[in-house]
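Structure first, then comments.
The values are calculated or read from the model by the stated rules, or taken from the named source; none is laboratory data. Model, not experiment: these values are computed from the prediction. Counting neighbours? That spans all protein chains shown, and the Cβs are built from the backbone with ideal geometry, glycine included. Side chains are part of the model used for accessible areas, which takes the heavy atoms of the whole protein and leaves out ligands, DNA and RNA. Shrake-Rupley method; radii C 1.70, N 1.55, O 1.52, S 1.80 Å.
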Amino acid sequence: MTAAYEVHGDIAVITLNNPPVNGLGHATRKGITDGIERANADAAVKAIVITGAGGAFSGGADIKEFGTDKALQEPNLLSVISTVEASDKPVVAAIHTVCMGGGLELALGCHYRIAAPGCNVALPEVKLGLVPGAGGTQRLPRVLGVEAALNIIVSGEPVKSELIGSFPGQKLFDKMAASAESLAEEALAFARSVADARPLPLVRNLPCKHPQGDAYFQFARNMVKGMAKNLPAPAKCVDAVEAATKRKFADGMAYEREIFINLMWTPESRALRHIFFSERAASKIPDVPSDTPQRAVKTVGVIGAGTMGGGIAMNFLNAGIPVTILETKQEALDRGVATIKKNYEAQVKKGKLKEDKYQQRMGLLKTTLSYGDLKDADLIIEAVFEEMGVKEAVFKQLDAVAKPGAILASNTSTLDVDQIAAFTQRPQDVVGMHFFSPANVMRLLEVVRGKATAKDVLATVMSIAKKIRKTAVVSGVCDGFIGNRMIERYSQQAGFLLDEGATPQQVDRAIEKFGFAMGPFRMGDLAGNDIGWAIRKRRAVERPDMKYSRTADKLCELGRFGQKTGAGWYDYAPGKRDAIPSELVNKMVEDHRKELGVTPRKISDEEIVQRLVFSLVNEGAKILEEGIASKSGDIDMVYLTGYGFPIHRGGPMHYASELGLFNVEQAMKRFAKNPLDDASAWEPAPLLSRLAAEGKAFA
Ligand code: NAI
């Protein structure tokens, strides 16, 4: 049963019941139309209330039906709304907690609406690259006015019901209930009060105009274009709302439908929907069931108050979880705490954080020089120097003092988590928690699963990640885990492109035009070119055969580590972050080509983008095949949330699938023939070849 039907005196109540958010799946939709029919056939019933069980009125479409035939199977949402509108007896929506997307569209089709305070009201379709598809763009402006409605539709963000209720002249809610608890009773009373009202009011009959008309919509279009340059849906929201002001209701509905269907087929919407599902799927680990018991995490210890330790601590303080930071020296502690304070104070100054909240957070922070103070911590995250010897000392100490069952995590970015676990007598409690810098800002958290990591440790870490608002992706143990292992290939290509004839500016410009937040060279300057230098030195020992451009080493030999030294691939004016092309670097690159005996050639932007992106794809395919990542969507989430991959392209694996893996493989074979490139890197991953041959995609 996904919609219950009950009669209370002379009022029929249809209660949507499709947990968790009463999604409007087929059975629920059928439940509504059946209920309306039954109530109209029952002479004892005078009016009908539609409400939702549990924690929602309705969250909209049932995501389980997305992309399946069931989503359109009759009665589809448009038919449900028509049935509601056509009911001879008044239909009252009793709205609470969550009223979004199709849920709001359904409510707008009812004759009356009563809402409890505290309800999140939204039309979030734009976040999936769509416009609302069941009348939202035509009805919402009629009850809220064009500007407020367009704001809700274009932003996709929720607005609280009480705010809407206080909006002058609004017709969305006919009545505000005193509280969520009294809503059911108040809705029955309201339904009785309108039982005999005729004709029944319909939102579709309300007028819809904007006093400035064309000028307003031109203004709105400009605003939206500036905000969403790579996404078509926001501008289409403006078109649809404008149609509500200019066309007859039925024509506006047809226009909304047309836009909705066209957007459904755009690569941008496919990318956003892929991200929506991948994000949800990332938190599910195939062999760790959702009912796996979790360990309580009430207090956290952080070892090391450097760049990462401080940021990691802030995440937990922000979530109201007490943190104790441990260092070897008082000055290091003082420095770390000062940085945390500086970060918070900057937020207070910008008005992003209230002074009392800041004090509250700092009140949760303790510092110590003694391991004994970590004996009660439920989770301890190590962020000390990246050297196995230091990690060994720390984990042996932790093993000695941490309470049984405490989770011992390492933030290592390159070291073997299994080896770290083996320093303890409790490898099952050891896990990698690889944060990205700045750790208090970046959304990505790679959760590194060791050979021995216990399932309840994984389940706990995934859930704590949600609490500190991170997108957690599970990675197996390998050098670089998912993200850094792939970016090594990308950096390798960026270097070859210089050797062959491109400038750093050209490479950055091409990939930024593709949509990356930052090209590889600007990125290197921001992160510090010395980090890659250290990794390459280690690689030279481990894998002396690995081919790469020496330009990056030469840059570092000049002391040009990036923004922090005032110079890197680019020049920087003191105190500024604008990347200024450097004559010295361009000369260095040219000289390097001469040393190699290379005649520079003109490289197209297309080749630059393909080589950079396909290098990620090929390594990603290997990662998938080796089981380091359990799904291609996980790899996409890593790149979208940690490496600035353009959202509208859906991540490297999704993007490759959209292009067709056959085409991607062909390009790789072409690149492998370039004598200045690394043919072994372009050897297509067997998984990629197999899928390409079968005409399949990664997902
Ligand atoms: P950092 O050098 O800024 O900080 C390390 C801190 O650890 C220093 O404050 C040092 O005093 C302290 N420390 C060293 N030995 C210690 C010990 N035995 N006990 C207690 N404290 C000790 O280094 P950073 O950048 O914060 O890196 C820390 C870890 O995080 C490394 O494993 C690194 O690979 C990893 N990581 C770094 C990222 C970055 O972008 N910086 C990104 C992701 C991970």
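Do any of Lys451/Lys622; Lys70/Lys236; Lys236/Lys466; Lys329/Lys354; Lys513/Lys622; Lys352/Lys470 go past 24 Å between their Cα atoms, and which? Show your work: numbers first, answer last.
On the way: Lys451/Lys622 19 Å; Lys70/Lys236 26 Å; Lys236/Lys466 33 Å; Lys329/Lys354 32 Å; Lys513/Lys622 27 Å; Lys352/Lys470 19 Å.
From the list (Lys451/Lys622; Lys70/Lys236; Lys236/Lys466; Lys329/Lys354; Lys513/Lys622; Lys352/Lys470), the Cα-Cα distance tops 24 Å for Lys70/Lys236; Lys236/Lys466; Lys329/Lys354; Lys513/Lys622.
How would segment 483-598 be classified by its alpha-carbon gyration tensor: rounded, prolate or oblate, with rounded meaning a/c under 1.5 and the a/b versus b/c comparison settling the rest? Please report the intermediate quantities before stating the final value.
Working: a/c = 1.32, a/b = 1.25, b/c = 1.06.
Rounded, because the longest to shortest axis ratio a/c is under 1.5.
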To check you understand DSSP bridge types, tell me what percent of the beta bridges within segment 432-582 (both residues inside) are antiparallel, rounded to 5.
55 percent
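Out of the total accessible area of the chain (probe 1.4 Å, heavy atoms of protein only), what percent is carbon and sulfur? Mind dumping the intermediate values first?
Numbers: 16970 of 30440 Å².
So the carbon and sulfur contribution to the accessible surface is 56 percent.
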Can you list residues whose amide H is under 5 Å from Ile285's amide H, if they're 5+ apart or on another chain and H is modeled 1.01 Å from N?
none
Is it possible to state the helix-based mean residue ellipticity at 222 nm for the chain, with each DSSP H run of 4+ residues giving -39500 (n - 2.57), the sum divided by total residues, to the nearest 500 deg cm²/dmol? What is it?
-15000 deg cm²/dmol
Place a point 7 Å from the Cα of Lys366 in the direction of its beta carbon; the residues of segment 324-338 whose amide N falls under 12 Å from it are 324-326
Segment 129-135 - phi-based ³J(HN,Hα) in whole Hz, Karplus 6.51/-1.76/1.60, Gly and Pro as x:
x, 10, 10, x, x, 10, x
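Multiply the residue separation of Arg247 and Ile580 by 0.36 nm, subtract the distance between their alpha-carbon atoms, and state the gained length in nm to one decimal.
Numbers: separation 333, 0.36 × 333 = 119.88 nm, distance 5.12 nm.
Net length gain for the segment: 114.8 nm.
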Report the one residue of Val241, Gly310, Ala552 whose Cα lies farthest in the direction of the positive end of the charge dipole of the chain (charges on C-beta: Lys and Arg +1, Asp and Glu -1; origin at the Cα centre).
Val241
Straight distance only, please: which lysines reach the Cα of Lys594 with their own Cα at less than 17 Å, same-chain residues fewer than 8 apart left out?
Lys554, Lys602
Estimate the FRET efficiency between Lys455 and Asn205 by the formula 1/(1 + (r/R0)^6), using the beta-carbon distance for r and 56 Å for R0, to the nearest 0.05.
0.45
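Taking segment 555-599, which trypsin sites (Lys or Arg not before Pro) meet the DSSP loop condition and have no more than 15 other C-beta atoms within 10 Å? The partial results should precede the final answer.
On the way: sites: Arg560, Lys564, Lys576, Arg577, Lys587, Arg593, Lys594; in loops: Arg560, Lys576, Arg577.
Loop-located and lightly packed - Lys576, Arg577.
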Which whole-Hz ³J(HN,Hα) couplings does segment 264-280 yield from phi under the Karplus relation 6.51 cos²θ - 1.76 cosθ + 1.60, θ = phi - 60°, glycine and proline marked x?
3, 8, 7, x, 5, 5, 4, 5, 5, 5, 4, 5, 4, 6, 5, 4, 5
Toy charge model, Lys and Arg Cβ at +1, Asp and Glu Cβ at -1: segment 1-137 dipole around Cα centroid in debye, rounded to 20, equals 240 debye
Given Ser290, Ala93, Pro686, which one lies farthest toward the positive end of the charge dipole of the chain, if we put +1 on the Cβ of every Lys and Arg and -1 on the Cβ of every Asp and Glu?
Ala93
Scaled by the rule-of-thumb 2.2 N^0.38 Å, the alpha carbon Rg for segment 197-256 gives a ratio of 1.35
As an exercise, use a Förster radius of 56 Å and the Cβ-Cβ distance of Leu526 and Lys30 to find the FRET efficiency, rounded to the nearest 0.05.
0.55
Would you pull out the residues with amide H under 5 Å of Val7's amide H, same chain only if 5 or more places away, H placed 1.01 Å from N?
Val13
Two-site label geometry, Asp287 and Arg198: point separation in nm, points 7 Å out along Cα→Cβ:
6.8 nm
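Lys564 to Asp605: extension gain in nm, 0.36 nm per residue of separation minus the Cα-Cα distance?
Length gained between Lys564 and Asp605: 11.8 nm.
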Obtain the nm distance between the two label points defined at Lys537 and Leu596 by a simple spin-label model: each point lies 7 Å from its Cα along the Cα-to-C-beta direction.
2.3 nm
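So what is the accessible area of the chain per residue, in Å², with the probe set to 1.4 Å? Mind dumping the intermediate values first?
On the way: 30440 Å² over 699 residues.
That works out to 44 Å² per residue.
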Cα gyration tensor of the chain diagonalised, 5x eigenvalues square-rooted, in angstrom largest first, produces semi-axes 51, 32, 24
Between Phe698 and residues 5 or more places away or on another chain, the pairs with built amide H atoms under 5 Å apart involve Ser657
Please list, in order along segment 56-61, the HN-Hα scalar couplings obtained from phi with the Karplus expression 6.51 cos²θ - 1.76 cosθ + 1.60 (θ = phi - 60°), rounded to whole Hz, x for Gly and Pro.
6, 6, 6, x, x, 3
Could I have the simple spin-label model distance between Asn343 and Glu6, label points 7 Å from Cα toward Cβ, reported in nm to one decimal?
4.9 nm
For Lys175, the lysines lying under 25 Å Cα to Cα, once residues fewer than eight places off in the same chain are dropped, come out as Lys46, Lys89, Lys160, Lys209
Where in segment 240-266 is the amide nitrogen less than 19 Å from a point lying 7 Å along the Cα-to-Cβ axis of Glu74?
254
Put +1 on the Cβ of every Lys and Arg and -1 on every Asp and Glu Cβ in the chain; which of Ala220, Pro158, Ala281 then has its Cα farthest towards the positive end of the dipole?
Ala220
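Indicate, rounded to the nearest 5 percent, the antiparallel portion of the DSSP beta bridges found entirely in segment 300-477. List each step's numbers first, then the result.
Details: 4 of 29 bridges.
Restricted to segment 300-477, the bridges split so that about 15 percent are antiparallel.
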I'd like the FRET efficiency for Lys357 and Ala43, computed as 1/(1 + (r/R0)^6) with the beta carbon distance as r and R0 of 41 Å, rounded to 0.05.
0.10
Please give the contour-minus-distance gain from Ala235 to Ala215: 0.36 nm per residue of separation, less the Cα-Cα distance, rounded to one decimal in nm.
5.7 nm
Can you list which of the trypsin sites (Lys or Arg not before Pro) found in segment 452-494 are DSSP loop residues with at most 16 other C-beta atoms within 10 Å?
Arg469
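What number do you get for segment 3-265 when its Cα radius of gyration is normalised by 2.2 N^0.38 Å, N = residues? Don't skip to the answer; put the middle values down first.
Working: Rg = 17.5 Å, N = 263, 2.2 N^0.38 = 18.3 Å.
For segment 3-265, the normalised Cα radius of gyration is 0.96.
Rounded to the nearest 20 debye, what is the charge dipole size of the chain about its Cα centre when +1 sits on each Lys and Arg Cβ and -1 on each Asp and Glu Cβ? If you can, show how the numbers build up before the last one.
Numbers: 87 positive and 82 negative charges, 191 e Å.
Dipole about the Cα centre, nearest 20: 920 debye.
Tell me, what does the Kirkwood hydrodynamic radius of segment 483-694 come to in angstroms if you use every pair of distinct C-alpha atoms? All intermediate terms of the calculation are to be shown ahead of the outcome.
Details: mean 1/r = 0.0568 Å⁻¹.
For segment 483-694, inverting the mean 1/r across all distinct Cα pairs yields 17.6 Å.
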